[in-house]
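Shown next, in structure tokens, is the structure this report addresses.
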Amino acid sequence: MAQRRIDLNQLQPQQIVELRKNTEQEINHFTQSLQALQTAQSKLKECISSIESMSTTSAKELLVPLTSSLYLPGEIVNKDEYLVDIGTGYFVGKSAKEAIKVYSGKVEKLNEDAKKLKDILVQKNDTLNSMSLVLREKMIEYEQQQQQQEQQQQQQAV
């Protein structure tokens, strides 16, 4: 990701406002992406937890979800065989240990991606703060110029 350095002091207030707006949009996008990663991470951790709890349960019957609100009664045949979603609709048979390993790997990858996104968000927020500071300074400077012009006009009128 190539980044250009822009001297904010050389820009007009309108340009800074536009840049600030774009940066806020980027921050919102990255925040939503981070939330999506965290949601996926929690679902994967839930899969690991389910596999671990399945090995300790003595129950043979369970409810199998067909949708988020429709369940069918089912029976556990083998507690050590799982169909694991490896992506794009492909499922592979794995043992409990292998399934946990697959999901743990996915969780770790999401951790790395989340860390990168958090770093980007910190940079974007720093940039946004810098823009706000420069914009505030420019507005104060603009107001001072307006006051000086008004004073000059009043002096000329007298």
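The values are calculated or read from the model by the stated rules, or taken from the named source; none is laboratory data. Note that the coordinates shown come from a computational prediction; the quantities given were computed from them, not determined experimentally. We place every Cβ from the backbone using ideal geometry, glycine too, and count neighbours over all the protein chains shown.
Just name the residue that is farthest from Ile120 (Cα to Cα) out of those in region 10-57 that are aliphatic (A, V, I, L, M) and under 15 Å from the mean Cα position of the chain (by Cα). Spell out the reasoning first.
First, pick out the residues of region 10-57 that are aliphatic (A, V, I, L, M): 11, 16-17, 19, 27, 34, 36-37, 40, 44, 48, 51, 54.
Subsequent filtering for residues that are under 15 Å from the mean Cα position of the chain (by Cα) retains 27, 34, 36-37, 40.
Working: Ile27: 9, Leu34: 11, Ala36: 16, Leu37: 15, Ala40: 20 Å.
Going through the qualifying residues, I end up with Ala40.
Check region 73-80 and report whether any residue there is out of contact with any Lys or Arg (no Cβ under 9 Å at 6 or more places or on another chain), exposed (fewer than 15 other Cβ atoms within 10 Å of the Cβ), at pLDDT 90 or above and basic (Lys, Arg). No, because not a single residue in region 73-80 is out of contact with any Lys or Arg (no Cβ under 9 Å at 6 or more places or on another chain), exposed (fewer than 15 other Cβ atoms within 10 Å of the Cβ), at pLDDT 90 or above and basic (Lys, Arg). Taken together, Lys60, Lys106 contain a single residue that is among the charged types (D, E, K, R) and without any contact (Cβ under 8 Å) to a residue 24 or more places away in the chain, which is Lys60. Residues of region 143-156 include none that is surrounded by 12 or more Cβ atoms within 10 Å (Cβ to Cβ) and free of Cβ contacts under 8 Å to residues at least 40 places away in the same chain. In this structure, is Tyr90 out of contact with any Ser or Thr (no Cβ under 8 Å at 6 or more places or on another chain) and either surrounded by 12 or more Cβ atoms within 10 Å (Cβ to Cβ) or acidic (Asp, Glu) (or both)? When the stated conditions are applied, Tyr90 does not pass them. Confirm whether Thr23 is under 30 Å from Glu143 (Cα atoms) and among the hydroxyl-bearing types (Ser, Thr, Tyr). Yes, satisfied.
Yes or no, residue by residue, for (1) small (Gly, Ala, Ser); (2) assigned to a helix (DSSP H, G or I); (3) within 24 Å of Lys118 (Cβ to Cβ):
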{"residue": "Lys21", "(1), (2), (3)": "no, yes, yes"}
{"residue": "Glu24", "(1), (2), (3)": "no, yes, yes"}
{"residue": "Gln38", "(1), (2), (3)": "no, yes, yes"}
{"residue": "Ser42", "(1), (2), (3)": "yes, yes, yes"}
{"residue": "Lys45", "(1), (2), (3)": "no, yes, yes"}
{"residue": "Ile51", "(1), (2), (3)": "no, yes, no"}
{"residue": "Leu62", "(1), (2), (3)": "no, no, no"}
{"residue": "Ser68", "(1), (2), (3)": "yes, no, no"}
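Taking the listed residues Thr127, Thr56, the one that is of a type in the set (Val, Ile, Thr) and exposed (fewer than 10 other Cβ atoms within 10 Å of the Cβ) is Thr56, with no other qualifying. Among the residues of region 70-109, the ones that are hydrophobic (A, V, I, L, M, F, W, C), closer than 13 Å to Ile48 by Cα and not in a strand (DSSP E or B) come to 5 in all.
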